[in-house]
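Have a look at the structure below, then the notes.
The values are calculated or read from the model by the stated rules, or taken from the named source; none is laboratory data. None of these values were measured; they are calculated from a predicted model. Cβ atoms come from the backbone with ideal geometry, glycine included; neighbour counts cover every protein chain shown.
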């Protein structure tokens, strides 16, 4: 019997700076695909520097929550909708995020590294005039910095996000090449009781692998990790539940018999 993943737990709409898609369009696409539930995880990246394309990574949380409640009522008989957020972590933002999360009833919180000491690898400036290997190492070091000072998240997002945008993408990247620091990240997350995600964005960015890559997911399981969510990181309807057939196979190959969905910040394990 084919394994199936029926929840997409990383999704953006026009409430995120880098999407123009109405929330309802994402929901309707998920329903068309037969998805049981989705968790919106709109971006919040405080202190994000000015971008060449003028994006503003703040988030109108009250408007976002109001719209989601409206959609939950409208589509209650067709799909489960959860209220999540993707926090762009930086070392100095802990108090801000603690205050926010104490006041807002999110179902699910992804902690992510987008900025590395003020630079987002999405933009070529991060790599300009520097060795790709050192850029990737700095990115992984920034994850360790973040989780050393902040722990109020449920899973860490797209752990090797940086490889989507490197000059050579993942052609010279492997778990083995960065094993020591990746193991340190995984062990720390497991000791904190945190999960990771299988983000299928890597497939639609042309990597041929999810983020993180299969070897990192397998290593997380070997080290005792059990909490793993699955999300396509979709910003447009055509990417909803993207490559979820591949994701199910990856989880099974890596030894998982389940994936994870959060409600009220509590994990539920769903059999593959």
Task: Subset of the stretch 157-187 [under 16 Å from residue 119 (Cβ atoms) and in contact with a strand residue (DSSP E or B) (Cβ under 8 Å, 6 or more places away or on another chain)] - done: 161, 162, 163, 164
Open item on the list: Condition (residue is over 25 Å from residue 238 (Cβ atoms), touching a residue at least 60 places away in the same chain (Cβ under 8 Å) and surrounded by fewer than 20 Cβ atoms within 10 Å (Cβ to Cβ)) applied to the stretch 134-146: is it met by at least one residue?
Closed with: no
Open item on the list: Quick check on the stretch 28-38: of everything there that is buried (at least 19 other Cβ atoms within 10 Å of the Cβ) and in contact with a strand residue (DSSP E or B) (Cβ under 7 Å, 6 or more places away or on another chain), which residue is nearest to residue 5 (Cα to Cα)?
Closed with: 35
Open item on the list: Kindly evaluate residue 92 against the criterion of being within 25 Å of residue 119 (Cα to Cα) and part of a helix (DSSP H, G or I).
Closed with: yes
TODO: Look through the stretch 128-156, keep the residues that are touching a strand residue (DSSP E or B) at 6+ places or on another chain (Cβ under 9 Å) and not in a helix (DSSP H, G or I), and return whichever of them is farthest from residue 261 (Cα to Cα).
DONE: 150
Task: Residue among 92, 114 that alone is loosely packed, with under 15 Cβ neighbours inside 10 Å, at negative phi and either in contact (Cβ under 8 Å) with a residue 60 or more places away in the chain or touching a helix residue (DSSP H, G or I) at 6+ places or on another chain (Cβ under 9 Å) (or both) - done: 92
TODO: Name the residue, out of 169, 131, that is at pLDDT 95 or above, over 15 Å from residue 212 (Cα atoms) and surrounded by fewer than 21 Cβ atoms within 10 Å (Cβ to Cβ).
DONE: 131
TODO: Would you point out which residue out of 159, 185, 190 is assigned to a helix (DSSP H, G or I), surrounded by 19 or more Cβ atoms within 10 Å (Cβ to Cβ) and modelled with pLDDT of 95 or more?
DONE: 185
TODO: Please determine, by comparing only the residues of the stretch 95-118 that are outside any loop (DSSP other than H, G, I, E, B) and in contact with a strand residue (DSSP E or B) (Cβ under 9 Å, 6 or more places away or on another chain), which one is nearest to residue 267 (Cα to Cα).
DONE: 108
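Conditions (1) more than 19 Å from residue 33 (Cβ to Cβ); (2) in contact (Cβ under 8 Å) with a residue 12 or more places away in the chain, marked per residue:
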site: 59; (1), (2): yes, yes
site: 63; (1), (2): yes, yes
site: 66; (1), (2): yes, no
site: 72; (1), (2): no, no
site: 77; (1), (2): no, no
site: 80; (1), (2): no, yes
Task: Qualifying positions in the stretch 39-82 - assigned to a helix (DSSP H, G or I), surrounded by fewer than 18 Cβ atoms within 10 Å (Cβ to Cβ) and within 19 Å of the chain's Cα centre (by Cα) - done: 61
